[in-house]
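Okay, structure first, notes after.
The values are calculated or read from the model by the stated rules, or taken from the named source; none is laboratory data. These numbers come from a predicted model, not from an experiment. With ideal geometry, Cβ positions are generated from the backbone for all residues, glycine too; neighbour counts draw on all protein chains shown.
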Amino acid sequence: MPHTDPAQASGDLHPDTLSLASLIEELAQSPGTPLTMEEICDRIQEKVLASQEFALQQERSRIAREIHDGVSQNLALLILKMEIISRLADSDPPRVKDELRKVTTILESSINELRSTLNTLRSPGLGDRSTLK
């Protein structure tokens, strides 16, 4: 019976990590013509690259969700606030001032969120910047 790693059994490992472990086990037990060291290294490198690409895609998806859930929602809210302000411009100047303060606060928050997201995109952990264009 094959040895089951506790981390594998609990699902703590990334699927490509499990694939890499499976590949190593498969290479070690494969009958027939043995693979050269270069072929083994090539297969392992393919799995590592696939795992890195998967991680990069996951991070891009997370950032896209952040932008959607944060900045884009705030921009939609600002449109509504500006419509309210335009309706109240003549009839309720004190409320217009209050709404404008709220708009400023939302804009400042959105700018900070966007800066944070952009800093994440610039981080070296996401690989070559040319792929992020």
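Listed values, structure above:
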item	result
Residue check for Gln57: in contact (Cβ under 8 Å) with a residue 60 or more places away in the chain, assigned to a helix (DSSP H, G or I) and farther than 18 Å from Asn119 by Cβ	no
Residues located in the stretch 30-58, provided they are of a type outside the set (Val, Ile, Thr) and at pLDDT below 85	Ser30, Pro31, Gly32, Pro34, Leu35, Met37, Glu39, Arg43, Lys47
The listed residue being out of contact with any Cys (no Cβ under 9 Å at 6 or more places or on another chain), touching a residue at least 12 places away in the same chain (Cβ under 8 Å) and assigned to a helix (DSSP H, G or I), out of Ile40, Ile79	Ile40
Unmet requirement for Thr117, which otherwise passes all of (1) modelled with pLDDT of 90 or more; (2) in contact with a helix residue (DSSP H, G or I) (Cβ under 8 Å, 6 or more places away or on another chain); (3) of a type in the set (Val, Ile, Thr)	(1)
Residue that is nearest to Leu56 (Cα to Cα) [pool: residues in the stretch 68-120 that are surrounded by 15 or more Cβ atoms within 10 Å (Cβ to Cβ) and within 15 Å of the chain's Cα centre (by Cα)]	Thr117
